[in-house]
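Notes follow once the structure below has been shown.
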Amino acid sequence: MDIRFEYPIFLKLLFFLPIIWGLTFLAFRRLPLWRILLSGLLRCLVLALIILALAGIHRVEEKPSDLAVVFVVDVTDSVHQENKAWINDYIKEVDEKLDDNVKRGMVVFGTDAQVVSPMGNRLDVEDVEWELDTTRTNVAGGMLSSIKLLPERSVKRIVLLTDGNENLGKSLLASSILEQEDVKVYTVELPPPPAVREVLVKKLLVPQDVNYGEMFDVRVTVENKNEYPVKGSVTLFEGDEILNRWDVELPRGLSVFEVPYRGDEKGFIEFHADIDVETESDTNSENNHGQAAVNVEGKPRILYVRGDLGKRPFLVDAMEQKDVVVDAVGVDGIPKTLNEMREYESIVFSNVPASAVSRGQMDALKSYVGDFGGGFIMVGGVHSYAQGGYANTPIEEILPIDVIYGKPFKEKKPKRASIMLLVDKSGSMTGKKIFATKKATIALLKQLKEGDQFGMIAFDVIPYVIMELGPVGNVSGKDLLGKLTSLSAGGGTDIFPAMKEAYNRLSRTGAKVNHVVLLSDGNTRSIYYSYEALMDKFKKANISISTIAIGGWLVNTRLLKDISTRTGGQFYRLRDIDELPRLVVMDADAALTRADFHEEYFVPRLDTSSEILKGFSQEQVPPLKGYSLTRAKARADVPLLTEIRGKPDPILANWRYGLGKVVAYTSDAEARWSSRWVNWAKYNKFWSQTVRWSMRDKPKGSYSVRVEEDDGKRVLVIESGGEWKENAQLKARIISRDSEVQELNLRQIAPKRYTASLEGLKAGPYEIDFARVEGNGVVSRMTKGVLVPPEGKTIAVEDVTRGNNVGLLKLIAQRTNGEFNPDIETITLNTEIILLTEDLSKWLIPIAMGLLLADIAVRRIGIV
């Protein structure tokens, strides 16, 4: 036994004891000598005891330490059955060599850990049972679970029996905790795994991002774990197309196959590799497949949709530049899904009717612009805007103009169109001709809209009013059929009276478009010069006449052509009487489209402050001939307009809708209305700047994305580059191939580094839409593709063929001052001693208090 002091410096205070004696004699010199001596002695003892207590006096006794051992055992699927039997035998051997007074226990671990044998003097390995998920290896969980079993004031040892192939938890962090608790870990390497029959795709490697046109290697690494070469094939796919196929004999170990690839298409490109070998050499076919993908940053793509494929695409020539790719398609090529639209920076509709765009496509286009920042340009024509049927559609909502002209309330609206059908019922119209005329009448009536007017006059030498000119809504189908049934051919021919009757009716309608369709052979009784004055009246009243010549070689084509030409109509020569209904409908359609646009040469007025028209001046702008009638919305910019009708009509209007930009051009881009523009020296520049303005904003900074695992769960990791403001935030959405959009709950774990859980998502390719938010607005967007692996595939699955992770086992032993692959004697031998200490100061203070009271009694009471 030893007496020791924790703070020996306080012992120097003992030198002051003689001073206490001196002060005692001076203070109590009138007392008897024996009382002075006794009081001085008591005071010195009190002071000495206090000094010893301050010095931390304690008693130290050495004795052999108690040893405590916990076996921490890996029971996961990666440990082969033969090795599990070896572990049992090893524990039994160690247990037998431990002294009877040594406490020992056992913990098993897989995904979690479980105590299967509490601390005791014996360990029965055969009787232990557990319920654990053995599909993952959590070494850290097993190590930390053993701490609570190890008693205090003992030599604490852990015997770790595992292959070290952890895929859950962090064992090195657990090692640091054990070191602080004075727990030594002895790691034991398991016997090598048995011979295996396995061939697998180890890795399919491509860069995460490449530039358009850049060459890179697609690399497939295949591992043959058999002890002998294996014949088989390796196939590499890009999407569904085979890039290469190798029929090879795979040697033992790793084999690498490479294919050079050029990224000639912007977007997300998927690759996958498959291996096919003999079944007797490959026990697990699930690892015979590998996937990877690359983001190709390429030239911006523009989609140009033409409503009239028969005409020369002047606009395509204007948009095509060295750094922009233009895909020109017809209406059948309009993307059907949001994902297909998002491949383009901007989409242009040129003279596309609404009937060619489904409601689903319109909704997708609205989301493409408003939610994903895409651009949209609507170019006019006879099949666009109001005449194209875009009123009250999702596309009208995103446009900077209203496609319906005029005020929608009490003000009386002008009639849209009035059409009269003049039908020759003379003797030359017998048979199929009069029957086809009746069919044409019904087809024409179906084409008209509510508010239009229709009338019909039949004639031979005199006119017969079959149906008085009036609103289409008042026409009874039954009444019309009855009148057409009674119509029969007979008599001579005189067109003049019928034309005069039509003029008298149409000149008073006040309709925007007045049009006559004349069906006849032209062999009239009236002399030619009498028609000239009447044709002038038609022209001045803006009433057009289209003539359809019916008959053989006796047709008076000269008169019929003159009537149509001088009144602004069309002349048609009918070759097949069955084509008559189609011709009538086609001609009426051409006339009706004039009801929703204005045709007249004019020079639009230019706003030089517009970003789109930068570099243009008013003197440079050539005239246009026509445009669709629209009205600019309140927040729209109108860089080009005309006041030819006495009020401002937009020719070019633009605005931001949601995150995207939209342009409306109400004239056409072809020769009908823009014949002077297509030959203008700055035509290409005008459309180039317009398209570039509409394109998706360029992203600020860069982003890298990858899928990692965290405690067995799939996690998306996003890292951003570039300068960020202090208040900037990142938002992200994940979009499936089916255009399903899901907001990601981002968690910032470091500056410019975010994570988001991917739990619940199906495996496959996705796009991540990034949005950088500053204040209340989105300042930058970007889209990147990512492959989401199946559940549990982001981490290594338990594999009995992997062998031991010796490096990790050595590190664990080193960090905890333990030993790797120790002898059994090293584990069982205990040469350490424990120092048992007892604090004596707890007794000294009470004794000092008692002596102090005795001193007071000697001085005050006077004991003899």
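The values are calculated or read from the model by the stated rules, or taken from the named source; none is laboratory data. Remember, it's a predicted structure, so these values are computed and weren't measured experimentally. Cβ sites come from the backbone with ideal geometry, for glycine too, and all protein chains shown count toward neighbours. Heavy atoms of the whole protein, side chains included, go into the accessibility calculation; ligands, DNA and RNA do not. Shrake-Rupley method; radii C 1.70, N 1.55, O 1.52, S 1.80 Å.
Quick rundown of the values:
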{"item": "For the chain, size of Cβ-based charge dipole, Lys and Arg +1, Asp and Glu -1, in debye", "result": "6220"}
{"item": "Equivalent ellipsoid, the range 35-194 (semi-axes from 5 times Cα gyration tensor eigenvalues, Å)", "result": "49, 17, 12"}
{"item": "Helical mean residue ellipticity (222 nm; -39500 (n - 2.57) per DSSP H run of 4+; nearest 500) of the chain", "result": "-8000 deg cm²/dmol"}
{"item": "Dipole of the range 175-226 [Lys/Arg +1, Asp/Glu -1 at C-beta], most positive-end residue of VAL188, PHE216, SER176", "result": "PHE216"}
{"item": "Those residues of the range 617-639 whose amide nitrogen sits under 20 Å from the label point placed on ASN679, 7 Å along Cα→Cβ", "result": "619-627"}
{"item": "Low-density loop positions, trypsin sites (Lys or Arg not before Pro), the range 199-294 - DSSP coil, at most 15 other Cβ in 10 Å", "result": "ARG252"}
{"item": "Kirkwood-type radius of the range 338-401, with distances r between different C-alpha atoms, in Å", "result": "11.8"}
{"item": "Largest-first principal axis extents, alpha carbons of the range 39-79, Å", "result": "81, 19, 10"}
{"item": "Net charge of Cβ neighbours under 14 Å - reference ILE612; Lys, Arg +1; Asp, Glu -1", "result": "+3"}
{"item": "All aspartates and glutamates inside 14 Å of LYS148 as judged from Cα atoms, apart from same-chain residues fewer than 8 positions distant", "result": "GLU181, ASP182"}
{"item": "Label-point separation in nm, LEU26 to ALA195, each point 7 Å along Cα→Cβ", "result": "10.1"}
{"item": "q = 0.12, 0.14, 0.21 Å⁻¹: log10 I(q)/I(0) that the Debye formula gives for the range 578-680, counting C-alpha atoms only", "result": "-0.48, -0.62, -1.14"}
{"item": "Around TRP680: net Lys/Arg minus Asp/Glu count, Cβ-Cβ under 15 Å", "result": "0"}
{"item": "Estimated dipole of the range 617-690 in Debye, rounded to 20 [Cβ of Lys and Arg +1, of Asp and Glu -1, Cα centre]", "result": "180"}
{"item": "Between helix 432-447 and the chain: long-axis angle, C-alpha atoms, 0 to 90°, nearest 10", "result": "40"}
{"item": "P(r) weight above 23 Å for the range 461-593, C-alpha pairs, percent", "result": "34"}
{"item": "Entry for log10 I(q)/I(0) by the Debye sum over Cα atoms at q = 0.05, 0.07, 0.09, 0.11 Å⁻¹ (calculated from the structure that is shown) out of [x] -0.39, -0.66, -0.91, -1.19; [y] -0.58, -0.81, -1.02, -1.23; [z] -0.25, -0.50, -0.87, -1.40", "result": "[y]"}
{"item": "Gap separating the Cα centres of the range 1-56 and the range 432-469, nearest whole Å", "result": "138"}
{"item": "Estimated FRET transfer efficiency when R0 is 60 angstrom, pair GLU719-GLU468 (beta carbons, to 0.05)", "result": "0.20"}
{"item": "Over the range 231-311: Rg over Rh, Cα atoms, Kirkwood Rh", "result": "1.20"}
{"item": "Distance from the range 479-545 to the range 676-707 (C-alpha centre basis), Å", "result": "52"}
{"item": "Apportionment of accessible area to carbon and sulfur, the chain, percent (1.4 Å)", "result": "51"}
{"item": "Spin-label model distance (nm) - SER617 vs ASP274, 7 Å beyond Cα toward Cβ", "result": "6.7"}
{"item": "Rough spin-label spacing in nm, given labels placed 7 Å along Cα→Cβ, for PHE16 and LYS202", "result": "7.7"}
{"item": "The chain - percent relative contact order, Cα under 8 Å, separation 6 or more", "result": "15"}
{"item": "Among the listed pairs LYS432/LYS537; LYS439/LYS540; LYS366/LYS449; LYS540/LYS633; LYS633/LYS698; LYS661/LYS698, those beyond 24 Å (Cα-Cα)", "result": "LYS432/LYS537; LYS439/LYS540; LYS366/LYS449; LYS540/LYS633; LYS633/LYS698"}
{"item": "Solvent-accessible heavy-atom area per residue, rounded to whole Å², over the range 136-235 at 1.4 Å", "result": "42"}
